[in-house]
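Undergrad: If you scroll down you'll find the structure; I have some questions about it.
The values are calculated or read from the model by the stated rules, or taken from the named source; none is laboratory data. Everything quoted here is computed from the prediction, not taken from an experiment. Because the Cβ atoms are built from the backbone with ideal geometry, glycine has one as well, and the counts that use them run over all protein chains shown. All accessible areas refer to the heavy atoms of the entire protein, side chains included, with ligands and DNA or RNA removed. Shrake-Rupley method; radii C 1.70, N 1.55, O 1.52, S 1.80 Å.
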Amino acid sequence: MDSEDINALDRKSASVELARLAEQLAAANRAYYTEDAPRLSDADYDRLKRRNAEIEARFPDLKRPDSASETVGGPLADGFARVAHAQRMLSLENAFDPDDIQDFDTRVRRYLGLPETAPLAYTSEPKIDGLSLSLRFEAGHLVQASTRGDGTIGENVTTNARTIGDIPAHIAGAPDVMEVRGEVYMHHDDFAALNARQAAAGGKQFANPRNAAAGSLRQLDAEVTRARPLRFFAYAWGELSEPLATTQFDALAKLRTLGFSVNPHTRKADGPADLLAHYEEIAQQRATLGYDIDGMVYKVDDLAFQDRLGVRSTTPRWAIAHKFPAETAWTHLEAIDIQVGRTGALSPVARLTPVTVGGVVVSNATLHNEDYIAGRDANGAEIRGGRDIRIGDWVKLYRAGDVIPKISDIDLSRRPEDATRYVFPSICPRCGSDAIREPGDAVRRCTGGLICPAQAVEKLKHFVSRAAFDIEGLGAKQVEQFYDAGWIAEPADIFLLQDRYGSGAQQLKNREGWGAKSAEKLFAAIDTRRHIALDRLIFALGLRHVGEAAARLLAQNYGTWEAFAEAMDAAIEDGEARADLLSIDGVGEVLAASLTASLNQPAERASMDRLVAHLDIQPVATPENSDSPVAGKTVVFTGTLTQMTRAEAKARAESLGAKVAGSVSKKTDFLVAGEGAGSKATKAADLGVKVLDEDAWRALIEGA
Ligand code: IVH
């Protein structure tokens, strides 16, 4: 709908339409905020809101008291209490083809230092398509059940979990503390019957069994959960006061004897070929299993190996998910919209005629960048045989697991005759600044910085997101609305909300959707985040190339904000400081350039300084043993190690709180010199850095 059609509206139809929009938007808000079941895509929601605002702008006196332009968020659901997981709940690396599985085996062997000929067993388990749940038992009693959440903090759903038949409430013979993890899911026939009951009662329909399982578990009223046919398969564990077994396979068997359901298609395999054979076998049976699986999960069987392999930032090195091929569907490309992200990237999005792919209605797909639309990859080589994508085309969509749907093909025989090549904008559609493409960058970026409203809002959304400041009651929608109202323009403003809008004429509690209680709650939630860990702060800034892992690395290396900022300032000016930054293992040229460029940007830097003034920044907790002899020390490994691989040595040192650097400098505490150590050992000797051989290093960390 464009503005012309609004100009054609008369008062009567405008008033009718505003009433309809108020109702639709209120329903959408309720679904999103309270029922946790969005009915509209973000784009459709935004379209309705824009339409509403445009009509109101033309007929200001028709604006309704319940207008969505006055509403921030929906009624706040009390929700579930949050609980911290004693051990993080991990997710899995995905693989799609046999080569990925071969690579996985090679990587595991390399890490463990196992030759190709040495036996290495795996378990192969179906990947259940539900939602993961952690169950904590103490002295054999179920004391807590929690959802995965962000992996560190989940929701307490104990009362609901107790209603699931597959979950025992009491167990005899279990370790004193035992966390059992697995998947809550729903059988196909139970799902169909549930949807039929819902339809008869005029309730909502679930799109697929996974959504039905998630919606049923996350009910505020446990009696609703009890009435839903949920099931549970156990496949992993968290904290244990004593081990369940010495292999994955035996641990699952043990869980079965303790009374859990373990998937019956679990099998031991002796290598990639065997895993792939099992994959094919289960793929054949997939349609008749009676519940959804979206792939297979392969895990290193020996638990001592699992321990040595350890975890990366969110996934274990000892497991991989081998996904079944994506589902596909053909649909019509109606338009290409350009979204502007927090770092200014212009991302083209395909607006599609809605179509069901893999049980989910899809109306948007990513188009990546201008080369992708034009039919070229990052190196200029042809993709799709060089065919470009045009508005009006019929496109083939595919969707693998949860990933954003993508376009894999176009049907040239159905291309409209008047379809023209898409011309990618060279001006930011949101702020009008030039959008430029740096050499070597696949992406065109808006040069408007913080003056670009899209960048500013996206930065704020990132700032409040889960892994960043995670402010309860301040999500993406509220951020947008506070920004539109002119209440927050940058992160520091969030910490001034109460001073500015806690009392006086323009008060938060006077806005639709907010009462005195919810406003107080928000201010309190903001206050608790004035104390923030350094790694979260660095991640929250939303700097290019600085993800959670890089933020943690920087926080661990610098310890305080001041030290971090000073080091960046120094690295901007002087080569040696830049070399120090680059000596941090895991910091490469790209990250270093991004950090120095961002902190050297006067407007960005001033905005950071304003933010930091409101915060009490805590040094990041060193993982596990902060009292280990190497905690906080900087270690460099050189030469060939004989008792473990370099990767394992590095991971072990980091888990003991050490920082591992790539080159020796005066800040190095220990150089661990393996066989054939060369120039680094000489440099260490020159600088007076302590040099340890492999045995001395092992003795130092022994028992830690
Ligand atoms: S193991 C330490 N095993 O898949 C690894 N996960 O995409 C923990 N899932 O978050 C997961 N079946 O919710 C594991 N047999 C299985 C699984 C499984 C389903 C889910 C789980 C996980 C997700 C990762």
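Undergrad: Which one of these is at pLDDT below 95 and either under 21 Å from Ser261 (Cβ atoms) or surrounded by 14 or more Cβ atoms within 10 Å (Cβ to Cβ) (or both): Gly203, Gly182, Gly173? Explain how you work it out, then say what you get.
TA: Values: Gly203 fails: either under 21 Å from Ser261 (Cβ atoms) or surrounded by 14 or more Cβ atoms within 10 Å (Cβ to Cβ) (or both); Gly182 fails: at pLDDT below 95.
None of the others qualify; the one that does is Gly173.
Undergrad: Answer yes or no: is there a residue in the range 600-608 that is under 30 Å from Gln498 (Cα atoms) and outside any helix (DSSP H, G or I). I'd like the intermediate steps shown before the answer.
TA: Taking the range 600-608 and keeping what is under 30 Å from Gln498 (Cα atoms), we get 601-608.
Next, from what is left, pick out any that are outside any helix (DSSP H, G or I): 601.
Checked against the condition, which is being under 30 Å from Gln498 (Cα atoms) and outside any helix (DSSP H, G or I), the range 600-608 yields at least one hit.
Undergrad: Of the residues Ala251, Ala234, Ala214, Ala227, which single one is modelled with pLDDT under 95 and closer than 23 Å to Gly295 by Cβ?
TA: On the way: Ala251 fails: modelled with pLDDT under 95; Ala234 fails: modelled with pLDDT under 95; Ala227 fails: closer than 23 Å to Gly295 by Cβ.
Residue meeting the stated conditions: Ala214.
Undergrad: Looking only at residues that are of a type in the set (Asp, Glu), within 25 Å of the chain's Cα centre (by Cα) and under 16 Å from Ser598 (Cβ atoms) in the range 435-474, which one is surrounded by the most Cβ atoms within 10 Å (Cβ to Cβ)? Can you show your working first?
TA: First, the residues of the range 435-474 that are of a type in the set (Asp, Glu): 438, 441, 458, 470, 472.
Next, from what is left, pick out any that are within 25 Å of the chain's Cα centre (by Cα): 441, 458, 470, 472.
Going one step further and asking which of them are under 16 Å from Ser598 (Cβ atoms), we end up with 441, 458.
On the way: Asp441: 12, Glu458: 22.
Ranking the qualifying residues of the range 435-474, first place goes to Glu458.
Undergrad: Here is a follow-up. Pick out the one residue from Thr343, Thr314 that is touching a residue at least 60 places away in the same chain (Cβ under 8 Å), of a type outside the set (Gly, Ala, Ser), outside any strand (DSSP E or B) and within 11 Å of the ligand (Cβ to nearest atom). Spell out the reasoning first.
TA: Details: Thr343 fails: within 11 Å of the ligand (Cβ to nearest atom).
Just one listed residue meets the conditions, Thr314.
Undergrad: Would a scan of the range 210-218 turn up a residue that is in contact (Cβ under 8 Å) with a residue 40 or more places away in the chain, surrounded by 18 or more Cβ atoms within 10 Å (Cβ to Cβ) and touching a Gly at 6+ places or on another chain (Cβ under 7 Å)?
TA: Yes, some residue in the range 210-218 is in contact (Cβ under 8 Å) with a residue 40 or more places away in the chain, surrounded by 18 or more Cβ atoms within 10 Å (Cβ to Cβ) and touching a Gly at 6+ places or on another chain (Cβ under 7 Å).
Undergrad: Residues that are in a loop (DSSP other than H, G, I, E, B), within 13 Å of the ligand (Cβ to nearest atom) and in contact with a helix residue (DSSP H, G or I) (Cβ under 6 Å, 6 or more places away or on another chain): does the range 267-276 have at least one?
TA: If we filter the range 267-276 for residues that are in a loop (DSSP other than H, G, I, E, B), which is where we start, we get 270-271.
Then drop every residue that is not within 13 Å of the ligand (Cβ to nearest atom), which leaves none.
There is no residue in the range 267-276 that is in a loop (DSSP other than H, G, I, E, B), within 13 Å of the ligand (Cβ to nearest atom) and in contact with a helix residue (DSSP H, G or I) (Cβ under 6 Å, 6 or more places away or on another chain).
Undergrad: From Val672, Val590, Val691, Val664, grab the single residue that is aliphatic (A, V, I, L, M) and assigned to a helix (DSSP H, G or I). Show your work before the answer.
TA: On the way: Val672 fails: assigned to a helix (DSSP H, G or I); Val691 fails: assigned to a helix (DSSP H, G or I); Val664 fails: assigned to a helix (DSSP H, G or I).
Step by step, each of Val672, Val590, Val691, Val664 is checked, and only Val590 is aliphatic (A, V, I, L, M) and assigned to a helix (DSSP H, G or I).
Undergrad: Is it the case, given these coordinates, that Gly542 is open to solvent by less than 50 Å² (accessible area, probe 1.4 Å) and on the phi > 0 side of the Ramachandran plot? Steps first, answer last, please.
TA: Details: open to solvent by less than 50 Å² (accessible area, probe 1.4 Å): yes; on the phi > 0 side of the Ramachandran plot: yes.
Against the criterion (open to solvent by less than 50 Å² (accessible area, probe 1.4 Å) and on the phi > 0 side of the Ramachandran plot), Gly542 qualifies.
Undergrad: Return the residue satisfying two criteria in turn: it lies in the range 121-170 and is hydroxyl-bearing (Ser, Thr, Tyr) and away from the ligand (no atom under 14 Å from the Cβ), and of such residues it is surrounded by the fewest Cβ atoms within 10 Å (Cβ to Cβ).
TA: To start, the set of residues in the range 121-170 that are hydroxyl-bearing (Ser, Thr, Tyr) comprises 122-124, 132, 134, 146-147, 152, 158-159, 163.
Restricting the remaining residues to those that are away from the ligand (no atom under 14 Å from the Cβ) gives 158-159, 163.
Details: Thr158: 18, Thr159: 16, Thr163: 18.
It comes out as Thr159.
Undergrad: Look at Thr331 and say whether it is part of a strand (DSSP E or B), among the polar types (S, T, N, Q), over 28 Å from Arg110 (Cβ atoms) and open to solvent by 40 Å² or more (accessible area, probe 1.4 Å). Step through it out loud before you land on a result.
TA: Details: part of a strand (DSSP E or B): yes; among the polar types (S, T, N, Q): yes; over 28 Å from Arg110 (Cβ atoms): yes; open to solvent by 40 Å² or more (accessible area, probe 1.4 Å): no.
No; evaluated as a whole, the condition is false for this residue.
Undergrad: Same structure again: In the range 667-696, which residue that is closer than 20 Å to Gly586 by Cβ and not β-branched (Val, Ile, Thr) is most open to solvent (accessible area, probe 1.4 Å)?
TA: Per the criteria, the residue is Lys667.
Undergrad: Restrict the check to the range 398-419 and report whether at least one residue is acidic (Asp, Glu), under 30 Å from Pro209 (Cβ atoms), touching a residue at least 12 places away in the same chain (Cβ under 8 Å) and open to solvent by 40 Å² or more (accessible area, probe 1.4 Å). Before you say what the answer is, go through the steps one by one.
TA: Going through the range 398-419, the residues acidic (Asp, Glu) turn out to be 402, 409, 411, 417-418.
Those still in the list that are under 30 Å from Pro209 (Cβ atoms) too: 402, 409.
Those left that are additionally touching a residue at least 12 places away in the same chain (Cβ under 8 Å): 409.
Add one more test, that the residue is open to solvent by 40 Å² or more (accessible area, probe 1.4 Å), and what stays is 409.
There is at least one residue in the range 398-419 that is acidic (Asp, Glu), under 30 Å from Pro209 (Cβ atoms), touching a residue at least 12 places away in the same chain (Cβ under 8 Å) and open to solvent by 40 Å² or more (accessible area, probe 1.4 Å).
Undergrad: Quick check on this structure: which one of Tyr291, Tyr298, Tyr279 is assigned to a strand (DSSP E or B), crowded, with 18+ Cβ neighbours inside 10 Å and among the aromatic types (Phe, Trp, Tyr)?
TA: Numbers: Tyr291 fails: assigned to a strand (DSSP E or B); Tyr279 fails: assigned to a strand (DSSP E or B).
Sole residue among the options that is assigned to a strand (DSSP E or B), crowded, with 18+ Cβ neighbours inside 10 Å and among the aromatic types (Phe, Trp, Tyr): Tyr298.
Undergrad: Here are some conditions: (1) away from the ligand (no atom under 14 Å from the Cβ); (2) under 27 Å from the mean Cα position of the chain (by Cα); (3) open to solvent by 60 Å² or more (accessible area, probe 1.4 Å). Pro115 meets all but one. Which one does it not meet?
TA: All conditions pass for Pro115, except number (2).
Undergrad: Just to be sure, is Leu460 over 22 Å from Val546 (Cα atoms), in contact with a helix residue (DSSP H, G or I) (Cβ under 9 Å, 6 or more places away or on another chain) and among the aliphatic types (A, V, I, L, M)? Outline the logic, then answer.
TA: On the way: over 22 Å from Val546 (Cα atoms): no; in contact with a helix residue (DSSP H, G or I) (Cβ under 9 Å, 6 or more places away or on another chain): yes; among the aliphatic types (A, V, I, L, M): yes.
Judged against the criteria, Leu460 is not a match.
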